[in-house]
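Derivation of every value follows stated rules applied to the coordinates shown; laboratory data play no part. These numbers come from a predicted model, not from an experiment. Don't worry about glycine lacking a Cβ; one is built from the backbone with ideal geometry, like all the others, and counts go over all protein chains shown.
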Number of protein chains: 2
Amino acid sequence: MNLHGKNFIGDQLASGGGDTFRAVSPLDSTPLEPAFHAADLKAVDAAMQLAEAAFTSYRQTTGAQRAAFLERVADEIMALGDDLIQRAHRETGLPETRLIGERGRTVGQLKQFAQVVREGSWVDARIDTAIPDRQPAPKPDLRRMLIPIGPVIVFGSSNFPLAFSVAGGDTASALATGNPVVVKAHSAHPGTSELVATAVRRAVVACELPAGVFSVLHGSGKVIGTALVTHPSACAVGFTGSRVAGRALFDAASARPAPIPVFAEMSSLNPIFLLPEALQAQSTKLAEGLRNSITLGVGQFCTKPGLIFGLSGVAFDQFQKTLAGLLAAVAPATMLHGGIGEAFHQGLAQASGVRGVSLLARSSAAPDPKQTHGEAVLLATDLANFRQHPELAEEVFGPFAVLVSAPSLAELEEVARGLEGQLTATIHGTAQDLQQAGNLLQLLERKVGRLIINGFPTGVEVCSSMNHGGPYPATTDVRFTSVGTAALARFVRPICYQDFPPAQLPDALKAGNPLGIRRLVNGQME
Amino acid sequence: MNLHGKNFIGDQLASGGGDTFRAVSPLDSTPLEPAFHAADLKAVDAAMQLAEAAFTSYRQTTGAQRAAFLERVADEIMALGDDLIQRAHRETGLPETRLIGERGRTVGQLKQFAQVVREGSWVDARIDTAIPDRQPAPKPDLRRMLIPIGPVIVFGSSNFPLAFSVAGGDTASALATGNPVVVKAHSAHPGTSELVATAVRRAVVACELPAGVFSVLHGSGKVIGTALVTHPSACAVGFTGSRVAGRALFDAASARPAPIPVFAEMSSLNPIFLLPEALQAQSTKLAEGLRNSITLGVGQFCTKPGLIFGLSGVAFDQFQKTLAGLLAAVAPATMLHGGIGEAFHQGLAQASGVRGVSLLARSSAAPDPKQTHGEAVLLATDLANFRQHPELAEEVFGPFAVLVSAPSLAELEEVARGLEGQLTATIHGTAQDLQQAGNLLQLLERKVGRLIINGFPTGVEVCSSMNHGGPYPATTDVRFTSVGTAALARFVRPICYQDFPPAQLPDALKAGNPLGIRRLVNGQME
């Protein structure tokens, strides 16, 4: 595997004018070859100008053409073979089996989006035909559909080096709907990014698409990230990462002379509510399920449960002991990169230091800093103390959770009312529990993008009914999902054509429905 | 007609704690009785707390219940009878026939939205059923739909005292989809606002809805407007008005600890491109059409054409003369209020004072300041000069347009490329013209929400295919329309229910499709 370490500015490989840096393997803290070149502001402008130029023709491509492109991207990623898995493993510490699964999800979602755009009904075509003799004024012919929004900036995330990175869900959504993409690669896995970028570039060439449809830049979010988001040609932003970074990009985008939408997925505690009968009936099963969900991927999922609420009493005490025992037995494991490891340990220290919080469990084996280890940690406190310390409701990214015991269901409702926005919330309860928890369910519905009963939040299906989003700070835009086919809606916008002669109309809106898509015509579904 | 001049805080009439003010009739510059009470920040908080409390139950109402409510609002508005038309006429100077038409549009859109929510498919239900034995992991049951976003702030606009005001499109969209509404009434027509608010309150009572579902406050946008938008319970904002005010609200909403969406419709020049053959063939008809469109409603429509481009030459010269003659013959007419009249005359003075701009026409009759008259004005310049003076591309709200002659189609394309976002753009051309103007059409498509061929931009149909929106500064969110049934999409957001027992699922997502709505079930439309 030969890596060049350069930026992809359309079809050009460019050293990009910035400093060089190396990835550091979290597995053993060794720097990895080669050196990667950070892009400077000139490189940003070059990539954006190419994207702008490419948009003119790329937006005119048919759904079938873009479907073929996405499928080719998927094929080219698979063709990278084990090189991709090996490099991603070295750069992220994630096990090969996980990376193989994530690659499957990545190519799966490219193919799923290809199907959606080949079928074509996503444009949400609506037609109202003219009534020339209407009184007092004639009714014009009006035809409306969704069209691409323009060049999209995608920020690769560290915790999904494939599925939320160079050719991940944001890129796939944007390309599927006709938008050029400029990716800011995550600096923790630049080699993985280069390999995937190479695959996408091969697909661009094979499909004879304009060069500027896809670029990938290395460098710091603070410098080139902000420059990308504030570039006049940028029309939307996809981001998955920290609350601080996501908010900074949102603020920069909102302060532009012409603001643009930012889809930042940032922070979530994914609270779990354990109701009394369920806890009584299946304490061990719940503890095992939560152990799995808290430590899956070393706790580095945005849907990891970080807060677990129950009613004080014997059953919850017993559950806490069981979960503590299970988590103590979990071996420390390699986190994604040094920065995440440091942030995790800082978060642990802060939460553990809160007055009235007790340490229930810590992995019994010692973590090895050289292997960038994160150890499982479980804290406990009571509801009164939790409410006095809002810092306990801040996300700690890693295998960590806080147990909170509440005196009553009414108090649980109060705490739900006070929660910030979340990607998910989960209730475990029997039919009887759920009947009594109607208010809690209603309250949680306002706080989350996905509400789960008797399940676990980790494991996000890529399908049309998924909603991976939620109120701030889970995301910056509660109206959209970043996972599943509805994610395509982020990078499109409506346009209405009035009194267009047939020759000027797009196929989706022509008489006779040549694309055979679902359309609303004079109020009736076609 | 007895007006009390108070604020509607849910079911309470409150003097609101602020100063008092009177509307001034633009017809004769006389102050109108009674005095109206401006709300203070305490009143804002009271209305928002009521809205928050009402949301808990209002969001649970059925589509049929909300449809009945909207239809009752429509009936109560009609029951206000001529009192409403007379007061609106006194407060806005708009002719009675126009106001009767606007009332028809207002109740029509309430009834149309009622139909949409009664039918119910707007929730965009998507279901993927469980596959418990899937390998390597079971697939959960996932069901997704749209739900209301939460209390919505609506700013009444001055130019549509009924259709974009207390019970206008924004209010109707928000109420239809289950959101309480707090209206900031426009200070130019407080009596009209009070009458319509009374009608809505009657419907709230008749339909036994919670009091906080609807409040109306009087006062300044700078004070209570900002307080409403930054209130923790506010979840979205609808606004139609000036660019400065809209941007201020957007900035305030974006700077909140938890930002919220703002749908501000602000500024549009609605450029018209007259292509050579069309100009040759029907110069007089085009001039008459444009005269009508420029002066309709004294030019006080957001879709009024303010820029008219043509290719220099005999045909365009002849057209300019014809249009100038027609506009000179248009009598000055009463504008909406003194502030709009002043802004109009300031805009005129600024545009007329630009070097290289000539005055082609001005209403030959003299305007009467006491009657708040606006006179028709037509300026002309050439493309080179237009491009040197970006202030000519700023909206002047009133019966005013600038003619711009260009040396070539290529230059027209260049100017289109440089335009800011617009609600509409229009091309007049024969089949031959349009064939040659493919690039221009493509360029304009990126700049607008609605593209018109051989028509005029004024006259916005309320239907499912309408898109009344566009790139900034036409609006702050290009992804949504504020007119037509798609406007409902502004105040909703998705949620996903995972593994919910049937009893906990909303009807829209239950097995057997009890509501009989369109749903996507395992990838197939039901």
Can you give the Rg to Rh ratio for the protein assembly as shown, taking only C-alpha atoms and Rh from Kirkwood? 0.98
In the A-onto-B rotation, chain A's nearest residue to the axis by C-beta, with distance in whole Å, turns out to be A:SER254, 2
What does a probe at A:GLN280 reach in the range A:400-428, counting residues whose amide N is under 20 Å from the point 7 Å along Cα→Cβ? A:405-413, A:427-428
So if each residue of separation counts as 0.36 nm, and I subtract the Cα-Cα distance between A:VAL354 and A:ASP19, what length gain in nm does that give? 116.6 nm
Quick check: pseudo-label points 7 Å beyond the Cα along Cα→Cβ at B:ALA35 and B:GLU342, how many nm apart are they? 2.2
Between beta-carbons, use under 13 Å as the cut-off and find the net charge around B:LEU274, counting Lys and Arg +1, Asp and Glu -1. -2
Given 37 °C, 0.692 mPa s and a Kirkwood radius over Cα pairs, the Stokes-Einstein diffusion coefficient of chain B in µm²/s is 135
Find every distance from the label point of B:PRO369 to the corresponding label point in the other copies (7 Å from Cα along Cα→Cβ) and write them in nm, one decimal, shortest first. 7.8
Test of understanding: what is the full-extension gain from A:GLU445 to A:MET78, defined as 0.36 nm times their sequence separation minus their Cα-Cα distance? 128.2 nm
Looking only at other chains, what is the average number of their beta-carbon atoms within 10 angstrom of each beta-carbon in A:446-458? 5
In which sequence would A:SER158, B:SER15, A:SER465 go, from the one with the fewest C-beta neighbours within 10 Å to the one with the most? B:SER15, A:SER158, A:SER465
Net charge near A:SER312: determine it from the other residues with C-beta under 13 Å of the C-beta of A:SER312, scoring Lys and Arg +1 and Asp and Glu -1. -3
The range B:453-473 residues near the modelled A:LYS139 label - backbone nitrogen below 19 Å, point 7 Å along Cα→Cβ: B:453, B:455-468
For a 28 Å ceiling on Cα separation, which of these pairs sit above it: A:LYS111/B:LYS139; A:LYS222/B:LYS447; A:LYS111/A:LYS370? A:LYS222/B:LYS447; A:LYS111/A:LYS370
Note down, for the range A:469-526, the three equivalent ellipsoid semi-axes (square root of 5 times each alpha carbon gyration tensor eigenvalue), biggest first, whole angstrom. 32, 13, 11
Position A:GLU96, label points 7 Å along Cα→Cβ, spacing to each other copy in nm (shortest first, one decimal): 8.7
What does the range A:385-526 give for Rg and for Dmax, in Å, if only its C-alpha atoms count? 21.9, 70
Compute the label-point distances linking A:ALA349 to its equivalents in the other copies; points lie 7 Å from Cα along Cα→Cβ; give nm, one decimal, shortest first. 6.4
Tell me the label-point distance for the pair B:ALA331, A:ALA206, using the 7 Å Cα-to-Cβ offset, in nm and rounded to one decimal. 7.3
Using alpha-carbon positions, the gyration tensor of the range A:44-163 gives root eigenvalues a ≥ b ≥ c; with a/c under 1.5 called rounded, otherwise prolate if a/b exceeds b/c, else oblate, the class is prolate
Please list, by residue number, everything in the range A:454-468 whose backbone N is under 19 Å from a paramagnetic label point 7 Å out along Cα→Cβ of B:ALA511. A:454-455
Go ahead and estimate [θ] at 222 nm for the protein assembly as shown from helices alone: -39,500 (n - 2.57) per DSSP H run with n ≥ 4, summed, over the residue count, rounded to 500. -11000 deg cm²/dmol
Once Rh is set to the Kirkwood radius over Cα pairs, what Stokes-Einstein translational diffusion coefficient, in µm²/s, holds for the range B:272-453 at a temperature of 4 °C and a viscosity of 1.567 mPa s? 79
What is the local net charge at A:THR56, summed over the other residues whose Cβ is closer than 11 Å to its Cβ (Lys, Arg +1; Asp, Glu -1)? +1
First measure r as the distance between the Cβ atoms of A:SER220 and B:ASP251, then evaluate 1/(1 + (r/R0)^6) with R0 = 41 Å and state the FRET efficiency to the nearest 0.05. 0.95
